[in-house]
Amino acid sequence: MRILDTLRSRFRRDRVSLQLDDIQALILRSRPEPYVGLHAMLHVEDAAGGRDLIARLARHIPSAADWTEDLTAWTGIAISHAGLQALGLPDDALASFPLAFREGMAARAHQLRDSGENAPDTWEPAYRDKTCHIALSIFAADKAALDAAVATAMGIHAASTGVRLIGTHEFGADEDAENPFGFRDSISQPTVAGAGVDPQPGQERAIAAGEFILGEASETGEPLVLPQPEVLGRNGSFVVLRKYDSRVGAFNDFLRAHAETPEDRHRLAAKMFGRWRSGAPLILAPDGEDAPLGADGARNNDFDYADDAEGLICPHAAHARRMNPRGSPTTILADENIHRIIRRSSTFGPKWTPDVTADQDGDDQRGLFFIFISARAFDTIEFLQQEWINRGNFLDLGEERDPIVGLHSEPGQFTIPARPVRRRVSGVTTFNRLRGGEYLFMPSLSALHWIGKGDWVA
Ligand code: HEM
């Protein structure tokens, strides 16, 4: 059953407490399956021209009012701190944002552990020197709907002055919704309290809306600090954008080196991700692939790791288990519920096949725009990069890193608990290399209109 079908049947308008008609659709709306889309980046050279572009684009940004109903295409818009500055926002508004956002992703490389081959001086030019001001993401269910939405956005840009298009990048996947490694992704998403859909029986509880929507109460009971003035901050959120080059050939070679048969390679890959390629979680399908389970949005996320404390079914070091330990014992105290993220990642490049080898990697062939939304996005990504991705201490695994997204300046290892002895697979390299990224603010619709009007300008 498609994600949207399960959400639609469970949506209850009387359970809505959020101002859905002021929140950008992209925050709550799931990716279609199949999906196509385009990311575009803009650089503002003239503040008035930039504000005019925002005012005209704002009319084409749908709200989350009908987020569980079908829509053929939608555009989301997010702005970096350098972008807000270039749009001429008042100094006190600019100063009211979190420090990490004001500095931008490249300047936070140390906190993000983005060094060596992931360091900002190796990034694509679009992400360097605070070049990325405005990021547009257009998601669509088919090519015709995408073309129409792109024509609208590009028409608005063409008619504007003082805004440069830095680049565009197409993405998409077929109905299997596979990422470059052949795994279905964007399955596990938090339930946002007050959005109208309650968790299904057996699923984890809803997360306080303030973890995702600025101005709402967070998991602590209080709202997070709101960017000012209120019309700018309320109902907005923050976005982390990281573009990865996926070294699918190196990953395939790694599997070939450590597993003899195609079945064993699938199993090793599943142990590294925590799910089978179809999306079926190892915990619910310990013996092998279960495609109907993987495709069933009502069942494929209904699990935790309580009965697998030793990691015999799903290794502690598996990517999905690290990123959401679901009650697993950890040695470093952290509240899982304040590190939940809404993922809106998008895949580009050819569909995965097992025969691709390392010499075919590179040159922007295959990859992923890793995108997530959270009201505390920057604290979360910096925590995840430091503790859960680029160390293994919280799992008693020393320096063992995430096998999928960790940065491996030296080849690392992956531990698979087993009886009588655990297996340690060596030779894990950086299977996803960072090509750039930015910290962004996703304003509410009223904030976009406020920016577009620029009433504060004398
Ligand atoms: C760059 C390449 C990446 C790939 C190929 C990838 C792939 C996957 C896959 C296949 C899943 C399991 C299916 C699902 O629930 O969607 C998953 C889950 C997840 N990933 Fe990633 N991921 C990547 C990067 C990241 C990064 C950089 C982060 C965090 C900073 C992250 C956070 C998560 C989270 C939170 C989950 C859900 C865990 C759960 O709730 O069970 N991923 N990823």
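The values are calculated or read from the model by the stated rules, or taken from the named source; none is laboratory data. Everything numeric in this text was worked out from a predicted model, so none of it was measured. Backbone-built Cβ (ideal geometry, glycine too); neighbour counts: all protein chains shown. Quick note on the areas: whole protein, heavy atoms, side chains included, nothing else; ligands and nucleic acids left out. Shrake-Rupley method; radii C 1.70, N 1.55, O 1.52, S 1.80 Å.
In this structure the amide hydrogen of residue 196, modeled in the peptide plane, comes within under 5 Å of the amide hydrogens of 17, none closer than 5 places in sequence on its chain. Couplings 3J(HN,Hα) for the range 237-253, derived from phi with the Karplus relation 6.51 cos²θ - 1.76 cosθ + 1.60 (θ = phi - 60°), are 7, 10, 10, 10, 10, 9, 8, 10, 8, 8, 8, 5, x, 4, 5, 4, 4 Hz, where x marks Gly and Pro.
Report, to the nearest whole %, how much of the accessible area of the range 245-437 belongs to carbon and sulfur atoms, 1.4 Å probe, protein only. For the range 245-437, the apolar C and S fraction of the accessible surface comes to 50 percent.
The Kirkwood radius of the range 245-437, taken over pairs of alpha-carbon atoms, gives through the Stokes-Einstein law at 10 °C and 1.306 mPa s a diffusion coefficient of 92 µm² s⁻¹. Taking label positions 7 Å along the Cα-Cβ direction at both residue 5 and residue 231, the computed distance is 4.4 nm, reported to one decimal. With each label modelled as a point 7 angstrom along the Cα→C-beta vector, the residue 335-residue 154 pair spans 4.6 nm.
Here residue 364 and residue 69 are evaluated by their C-beta separation; at R0 = 30 Å the FRET efficiency comes out at 0.30. Working note: Karplus 6.51/-1.76/1.60 with θ = phi - 60° gives the range 345-353 the couplings 5, 9, 9, 9, x, x, 5, 5, 9 Hz, where Gly and Pro are set to x. Placing unit charges on the Cβ atoms only, positive for Lys and Arg and negative for Asp and Glu, gives the chain a dipole magnitude near 80 debye about its Cα centre. Evaluated at q = 0.09 Å⁻¹, the base-10 log of the normalised Debye intensity for the chain, with identical point scatterers placed on the Cα atoms, takes the values -0.56.
For residue 275, the amide hydrogen comes within under 5 Å of the amide hydrogens of 282, counting only partners 5 or more places away or on other chains and with H modelled in the peptide plane. Can you list the residues of the range 15-50 with backbone N under 19 Å from a point 7 Å past the Cα of residue 124, pointing along Cα to Cβ? Counting backbone N atoms under 19 Å from the label point, the list is 36-44. Estimated purely from DSSP H runs of n ≥ 4, each contributing -39500 (n - 2.57), the mean residue ellipticity at 222 nm for the chain is -6500 deg cm²/dmol once divided by its residues. Counting pairs of Cα atoms in the range 166-317, how many percent are more than 22 Å apart? The proportion of pairs with Cα distances above 22 Å equals 58 percent. Full extension of the chain segment joining residue 260 with residue 383 gains 40.6 nm, where the gain is 0.36 nm per residue of separation less the Cα-Cα distance. A cut-off of 5 Å between modelled amide H atoms, ignoring neighbours fewer than 5 places along the same chain, links residue 423 with 416, 418. Taking 1.306 mPa s as the viscosity and 10 °C as the temperature, the Stokes-Einstein diffusion coefficient of the range 1-87 based on its alpha-carbon Kirkwood radius rounds to 106 µm²/s. The range 398-458 and the range 100-119 have Cα centres spaced 11 Å apart.
Along the range 56-61 the Karplus relation, 6.51 cos²θ - 1.76 cosθ + 1.60 evaluated at θ = phi - 60°, assigns HN-Hα couplings of 6, 5, 4, 5, 10, 9 Hz to successive residues, with x for each Gly and Pro.
Ordering 137, 149, 165 by Cα displacement along the dipole of the range 104-185 toward the positive end leaves 165 in first place; charges were set at the Cβ atoms of Lys, Arg (+1) and Asp, Glu (-1).
Using r as the Cβ-Cβ distance of residue 45 and residue 198, and R0 as 30 Å, what FRET efficiency do you calculate, to the nearest 0.05? The computed FRET efficiency comes out at 0.05.
Converting the Cα gyration tensor eigenvalues of the range 48-207 into ellipsoid dimensions via √(5λ) gives semi-axes, longest first, of 28, 24, 20 Å. Once the Cβ-Cβ distance of residue 399 and residue 161 is raised to the sixth power relative to R0 = 56 Å, the FRET efficiency obtained is 0.60.
Taking label points 7 Å from Cα along the Cα-to-Cβ direction, residue 16 and residue 357 give a separation of 5.6 nm.
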